[in-house]
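Q: My questions will all concern the structure given below.
The values are calculated or read from the model by the stated rules, or taken from the named source; none is laboratory data. Source: prediction; values computed, not measured. Glycine gets a Cβ as well: all are built from the backbone with ideal geometry, and neighbour counts include every protein chain shown. Side chains are part of the model used for accessible areas, which takes the heavy atoms of the whole protein and leaves out ligands, DNA and RNA. Shrake-Rupley method; radii C 1.70, N 1.55, O 1.52, S 1.80 Å.
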Amino acid sequence: MTQYRITLLPGDGIGPEIMAIAREVLQVVGQQFDLSFEFTEALIGGAAIDATGEPLPSETLDKCRDSDAVVLAAIGGYKWDNLPRHLRPETGLLGLRAGLGLFANLRPAKILPQLIDASSLKKEIVEGVDIMVVRELTGGVYFGQPKGIFTTETGEKRGVNTMAYTESEIDRIGRVGFETALKRGKKLCSVDKANVLDVSQLWRDRINELAKEYPNVELSHLYVDNAAMQLIRYPKQFDTIVTGNLFGDILSDAAAMLTGSIGMLPSASLGTAGTPGVFEPVHGSAPDIAGKDLANPIAQVLSVAMMLRYALNQPQASDRIEQAVMKVLDNGDRTGDIMATGMNQLGCKAMGEAIIKALD
């Protein structure tokens with residue numbers, strides 16, 4: 001039996017509800033494939049603030065570092081929105097990424113045929129869309145220095161954030177983009193703002209240089225404003241997108257909504273070899289429905305499928321989970337966010353039970 005140490009970070013809002021289902025799914029699929037999971041839970045985000053006064057306790061980071069992989073549910077909520085920035089839940093998430101050296105975020109946006117009518121775009125626009133956004137996570141404007149709110153000589157407040165990338169930072173995320181494209185449709189679109197930003201010109205120069213190492217990948221470039229427009233106009237032109245932290249944050253959310261519900265999409269945050277990755281749904285903590293048995297757990301379940309595939313090298317177990325989700329959707333089971341006429345509406349727990357039944 002192959003054994004793995006998994007740190008679970010339920011977080012806030014609907015996080016504990018959907019995490020409980022993902023944990024049970026892992027236990028069931030583990031029995032089917034002779035895999036043993038040792039689970040450890042830890043605090044992050046608002047739950048950590050309430051318990052310890054900080055959004056990422058050192059104990060949590062230590063547990064994550066000592067794991068084979070980390071599963072995160074969701075963080076944040078209205079309760080903590082007015083705290084100083086260094087004490088907000090989101091600061092804990094940024095600290096987790098930096099603390100584990102997770103520089104690459106993989107976010108798929110794939111149209112499931114069962115849910116094509118849930119998209120706000122016309123069927124002929126989104127049918128067949130299968131995009132992977134590769135986003136740089138630990139550099140760019142979110143981490144660049146100097147940053148802060150300063151008082152000028154005249155007494156006026158001035159906010160500053162610095163967008164900065166080194167060649168090595170661009171090269172390592174660029175290679176993830178090219179390698180991901182090789183495993184998919186062999187098309188890579190690099191998104192920047194090189195017509196305005198010097199940092200983006202360096203980005204484009206380095207991506208072009210890397211392209212010489214990947215002759216089998218078709219490389220294209222788009223400015224970020226045009227890329228956003230093209231995602232809505234003709235999303236099927238994209239296969240793999242690689243971009244920086246800020247642009248990737250925005251474009252991956254836009255790509256996610258092509259599918260009709262952000263509640264369906266997982267993500268993976270990866271670092272160098274030997275570093276535990278973090279696997280999480282792309283949606284938020286949804287505090288308005290927390291505890292009401294209304295959450296959609298599918299993105300969380302698909303996140304542990306990504307973990308099995310990308311962190312633990314267990315593709316067959318990953319396939320089994322993904323097939324179970326497809327079977328549930330084929331059966332017409334839906335949570336409220338993806339509900340359609342004639343379908344069977346389920347709560348969070350019942351959807352989890354349906355997925356586990358499909359696993360069998």
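Listed here are the residues, each with its yes/no results for (1) more than 25 Å from residue 271 (Cα to Cα); (2) in contact with a Phe, Trp or Tyr (Cβ under 8 Å, 6 or more places away or on another chain).
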residue: 157; (1), (2): yes, yes
residue: 164; (1), (2): no, no
residue: 169; (1), (2): no, yes
residue: 172; (1), (2): no, yes
residue: 195; (1), (2): yes, yes
residue: 203; (1), (2): no, yes
residue: 236; (1), (2): yes, no
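Q: While we're on this one: Determine which single condition residue 66 fails, assuming it passes every other condition in (1) surrounded by fewer than 14 Cβ atoms within 10 Å (Cβ to Cβ); (2) on the phi > 0 side of the Ramachandran plot; (3) touching a residue at least 40 places away in the same chain (Cβ under 8 Å).
A: (2)
Q: Check 102, 112, 106 and return the single one that is among the hydrophobic types (A, V, I, L, M, F, W, C) and open to solvent by 10 Å² or more (accessible area, probe 1.4 Å).
A: Details: 102 fails: open to solvent by 10 Å² or more (accessible area, probe 1.4 Å); 106 fails: open to solvent by 10 Å² or more (accessible area, probe 1.4 Å).
Of the residues listed, the single one that is among the hydrophobic types (A, V, I, L, M, F, W, C) and open to solvent by 10 Å² or more (accessible area, probe 1.4 Å) is 112.
Q: When you go through (1) out of contact with any helix residue (DSSP H, G or I) (no Cβ under 8 Å at 6 or more places or on another chain); (2) more than 19 Å from residue 164 (Cβ to Cβ) one by one for residue 214, which number turns out not to apply?
A: (1)
Q: Okay, next question. Just to be sure before I move on: is residue 307 open to solvent by 10 Å² or more (accessible area, probe 1.4 Å) and at negative phi in the structure I sent? Outline the logic, then answer.
A: Details: open to solvent by 10 Å² or more (accessible area, probe 1.4 Å): no; at negative phi: yes.
So residue 307 does not fit the description; no.
Here is a yes/no grid of residues against (1) surrounded by 18 or more Cβ atoms within 10 Å (Cβ to Cβ); (2) assigned to a helix (DSSP H, G or I); (3) in contact with a Leu (Cβ under 7 Å, 6 or more places away or on another chain):
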residue: 325; (1), (2), (3): yes, yes, yes
residue: 329; (1), (2), (3): yes, yes, yes
residue: 340; (1), (2), (3): no, no, no
residue: 350; (1), (2), (3): no, yes, no
residue: 354; (1), (2), (3): yes, yes, yes
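Q: Separate question: Restricting the range 253-275 to residues that are in a loop (DSSP other than H, G, I, E, B) and in contact with a Gly (Cβ under 9 Å, 6 or more places away or on another chain), which is most open to solvent (accessible area, probe 1.4 Å)? Walk me through how you get there before you give the answer.
A: Initially, the range 253-275 is screened for residues in a loop (DSSP other than H, G, I, E, B), giving 258-261, 265, 271-275.
Pick out the ones that are also in contact with a Gly (Cβ under 9 Å, 6 or more places away or on another chain) and you get 271-272, 275.
Working: 271: 23, 272: 81, 275: 44 Å².
Within the range 253-275, the match that is most open to solvent (accessible area, probe 1.4 Å) is 272.
Q: Taking residue 278 and the conditions (1) open to solvent by 60 Å² or more (accessible area, probe 1.4 Å); (2) under 21 Å from residue 108 (Cβ atoms); (3) at pLDDT 95 or above, which numbered condition does it fall short on, given that it satisfies the others?
A: In the conditions (1) open to solvent by 60 Å² or more (accessible area, probe 1.4 Å); (2) under 21 Å from residue 108 (Cβ atoms); (3) at pLDDT 95 or above, residue 278 misses (1) alone.
Q: In the range 310-323, which residues are without any contact (Cβ under 8 Å) to a residue 40 or more places away in the chain, open to solvent by 70 Å² or more (accessible area, probe 1.4 Å) and more than 18 Å from residue 278 (Cα to Cα)? Give the steps one after another, and end with the answer.
A: Within the range 310-323, the first condition is being without any contact (Cβ under 8 Å) to a residue 40 or more places away in the chain, and the residues that meet it are 313, 315, 318-319, 322-323.
Pick out the ones that are also open to solvent by 70 Å² or more (accessible area, probe 1.4 Å) and you get 313, 323.
323, the sole residue that qualifies.
Q: Another one. If you check residue 292 against the conditions, is it open to solvent by 50 Å² or more (accessible area, probe 1.4 Å) and within 24 Å of residue 182 (Cα to Cα)? Outline the logic, then answer.
A: Values: open to solvent by 50 Å² or more (accessible area, probe 1.4 Å): yes; within 24 Å of residue 182 (Cα to Cα): no.
In short, no.
Q: Next question. Please pick out the residue among 127, 153, 136 that is acidic (Asp, Glu) and open to solvent by less than 40 Å² (accessible area, probe 1.4 Å). Write out each step before concluding.
A: On the way: 127 fails: open to solvent by less than 40 Å² (accessible area, probe 1.4 Å); 153 fails: open to solvent by less than 40 Å² (accessible area, probe 1.4 Å).
Going through 127, 153, 136 in turn, the sole match is 136.
Q: Name the residue that is most open to solvent (accessible area, probe 1.4 Å), counting only residues in the range 180-238 that are part of a helix (DSSP H, G or I) and basic (Lys, Arg).
A: We begin by selecting, within the range 180-238, every residue part of a helix (DSSP H, G or I); these are 180-182, 198-211, 224-233, 235-237.
Going one step further and asking which of them are basic (Lys, Arg), we end up with 204, 206, 233, 236.
Details: 204: 48, 206: 53, 233: 138, 236: 80 Å².
Only one residue fits best here, namely 233.
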